[in-house]
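Notes to accompany the following structure.
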Amino acid sequence: MAADKSEKKQYTADDISVLEGLEPVRKRPGMYIGSTGPQGLHHLIKEIFDNSRDEAMAGECTRIEVALLPNNYVRVVDNGRGIPVDKHKKTGVSALETIMTVLHAGGKFGNGGYSVSGGLHGVGASVVNALSEHLKVEVHRDGGYHVQEYHAGKVKAPVKKLKASDYRGTITTFKPDVEIFKEIKFNWNAIVSHYREQAYLVSGTRIELIDAREYKKPLKLDEKIWLHDEGLPVPHLAYYFEGGIVSMVKHYNKLQTPVHKNIFSVKKKIEDIEVEVSLQYVDDIGDRIIAFANNISTPGGGMHVTGFKTALTRIINKYSQKNKILTEKEGSFDGSDIIEGLTAVVSVKMPEIQFEGQTKDKLGSPEARGAVETVFGEAFETYIEENPDDIKNIIKKATLALRARKAAKIAKDSILRKGALEGMTLPGKLADCQAKAASDSELFIVEGDSAGGTAKQGRDRKHQAILPLRGKILNVERARLDKMLANEQVKNLVIALGTSIGETFDLDKIRYHKIIIATDADVDGSHIRTLGLTLFYRYFKQVIEAGYLYIAQPPLYKISKGKELHYVYNDEEKAQILKKLGVADADVQESEEGEEAEVVEDEPSKKKVGKVSLQRYKGLGEMNADELWSTTMNPETRILKQVSITDAQDAERIFDILMGSDVAPRKTFIQTNAKMAELDV
């Protein structure tokens, strides 16, 4: 039966909303900064910093300062030309106000402001303004000191010239809006990693980072622009690199053994595209290709990386064929053989740039491919002619990779494909769950049979699977795939996951959407957890990127008094609970067996103070099934830490320390961080 048309809601011009000014940004912030989570929060700093950095790229700025201040404020300072403050002909207000309040207004759209830029001045600054509870811009230029303030993107008053000034530059101070961001918590380590990287890319520019969030006293200004003086007692780092991306390659390879002595580098402009490439091979089975477009990191790669890889593969294969290095059966190198052990930085600068996505993850400008292929290709052919020993060592490295790749394929075919055709069953150690959908299933990877037995008893059989791994998982940092698949523990994990591995990896076939590494809270447990993370990072990176990998957080202590029971996860929490129960933490820690003291020790892991009992768990196997369920496995009460890759290059360096050949830094790192609850890999 036809519906009564008179009852239908009419769709007219009155239904069309027109958002003015910066309202679209506040209405849909994710469209402009990617998300309102940690990534979007840190993106605000990048947008303001990028404006200062573009001044440096234009040769107008030599110093940039980024400071985290109390009460969630951030301050970015540069000694560039200063944002123009004279009246804009089209808007009728100052250029500063136009830039800060109008989308797509800035010095990067026309011909006069910047020949090369990363961000879009009007877009970035205005978006930050829209998403800030309070923002203040101070401009030193044309002999004057000018100020304007905003609330949620709205102007408080016209630009004011407060006094004369002999300085020049822009100071932007902003406070992200709590109505937009769920949690305002800046990651200092991530900030340091990103802006240290920028210092390599803008060689000759000094970049300073200050964490003054806990500094309650009035902050001093140096020369009326810079936030600090030398005596400011807060974390303060300064980066300045004359060597540019060659210094960056050295930095990434400092814990590695070079395959060849000379670091290759080229910097050349072809038409209006500037190409810069530096590379060095090291004795490693991984690779690091760090790419930038107009100094913006492009972890997704893009046209410039494609051009680089194409030229590199072509030239090395050409050299190999000319010198008859590979047998007819071996054929030629493919891309994976060529990049094994490679550390390379690829940077392009161009006036018109296209990114794929608002967050600029991947370069889409097709002309960048041809420019990189031409500039790098010509320079690298000259390099191998002038450095015959270097190219011989590079070819030797690639040959090993090719032979290992072919051996790994044979191993995979025999272990995985053939096994699957013959009806390979799941590992005998695996206690699988009843649920069939991956979204309803989770896998606990536990250390040893003892913890495995307890976990199997305490689990929710419908949704939770248990896989005990005996001993320490193979160190995969330098283990090739064929060797890995010969390891029983690794093979069991690969089969349990269902994704296969290497070239045949398929994330869609994963059997669990929560994979939880649960190890003991001691140094050995930390080491095993690190080995597990390394395995996933090297061979199942897509699992981490999909958000499927977690770290369990079992309690360190059980504190009981009568019927009152507390599970605590760190020493600070333990001290708080003991204080609440009237027990001094120091008494518990300092008591010795046999002493006549308030604390009497019954056994190594249990101490009593009157009716208060404190037990430290040395491992998951010490818990009974009910305890393990309620503290570590119950979705209603457990604490899980999701593993994410926010900075793949930083993660690489951490794994180099932990899994590399140099024992001293690895031992120091593990002993220092074994009991840290927060893991962000």
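The values are calculated or read from the model by the stated rules, or taken from the named source; none is laboratory data. Given the structure is predicted, the values throughout are model-derived calculations rather than measurements. Here Cβ is always computed from backbone atoms with ideal geometry, including for glycine, and neighbour counts include all displayed protein chains. The protein model used for the area step is the full one, side chains on, heavy atoms only, and it has no ligands, DNA or RNA in it. Shrake-Rupley method; radii C 1.70, N 1.55, O 1.52, S 1.80 Å.
Enumerate the calculated ³J(HN,Hα) couplings along segment 137-153 in order (Karplus 6.51 cos²θ - 1.76 cosθ + 1.60, θ = phi - 60°), each rounded to whole Hz, writing x wherever the residue is Gly or Pro.
10, 10, 10, 9, 6, 6, x, x, 10, 10, 9, 8, 10, 9, 10, 6, x
Starting from the amide H of R206, placed 1.01 Å from N in the peptide plane, find each other amide H under 5 Å away whose residue is 5 or more places distant or on another chain.
Distant-sequence amide H within range of R206: R63, I64.
Mind grabbing the accessible area of F186 for me, 1.4 Å probe, Å², rounded to tens?
Per-residue accessible area (F186): approximately 20 Å².
Under the rule a/c < 1.5 gives rounded, and otherwise a/b versus b/c splits prolate from oblate, where does segment 233-302 land using the Cα gyration tensor?
In terms of gyration-tensor shape, oblate.
Determine ³J(HN,Hα), in whole Hz, for all residues of segment 373-380 in sequence, where each value follows from phi through the Karplus function 6.51 cos²θ - 1.76 cosθ + 1.60 and θ = phi - 60°; x replaces Gly and Pro.
Listing the rounded values in order: 4, 6, 5, 5, x, 4, 5, 6 Hz.
Probe radius 1.4 Å, ligands and nucleic acids left out: which of M350, M31 has the largest accessible area, and how do the rest follow?
Largest to smallest exposure gives the sequence M31, M350.
How large is the accessible surface of L556 in square angstrom, using a 1.4 angstrom probe and rounding to the nearest 10?
About 10 Å², ignoring ligands and nucleic acids.
Solvent-accessible area of S450, probe 1.4 Å, all protein chains present, reported in Å² to the nearest ten, please.
Only protein atoms counted, so the area is about 80 Å².
Can you tell which of I273, V249, N294 lies farthest toward the positive end of the dipole of segment 240-296, using +1 and -1 charges on the Cβ of basic and acidic side chains (Lys, Arg; Asp, Glu)?
So the residue furthest toward the plus end is V249.
Trypsin sites (Lys or Arg not before Pro), restricted to segment 236-318: which are DSSP loop and have at most 16 other Cβ atoms within 10 Å?
Sites meeting the loop and neighbour criteria: K254, K261.
Around A496, what is the net charge, scoring Lys/Arg as +1 and Asp/Glu as -1 over all other residues with Cβ under 11 Å from its Cβ?
Net of charged neighbours comes to +2.
Going by a ≥ b ≥ c, the root eigenvalues of the Cα gyration tensor, does segment 138-244 fall in the rounded group (a/c under 1.5), the prolate group (a/b larger than b/c) or the oblate group?
Note, shape of segment 138-244 comes out oblate.
Using amide H atoms built in the peptide plane, which far-off residues or other-chain residues are under 5 Å from G286 H to H?
Sorted by chain and number, the residues that satisfy this are G341.
Can you list which of the GluC sites (Glu not before Pro) found in segment 139-206 are DSSP loop residues with at most 15 other C-beta atoms within 10 Å?
Answer in residue order: E179, E183.
Please list 3J(HN,Hα) in residue order for segment 206-222, calculated via the Karplus relation 6.51 cos²θ - 1.76 cosθ + 1.60 where θ = phi - 60°; whole Hz, with x for glycine and proline.
8, 10, 10, 10, 9, 10, 10, 4, 9, 8, 8, 6, x, 8, 7, 10, 9
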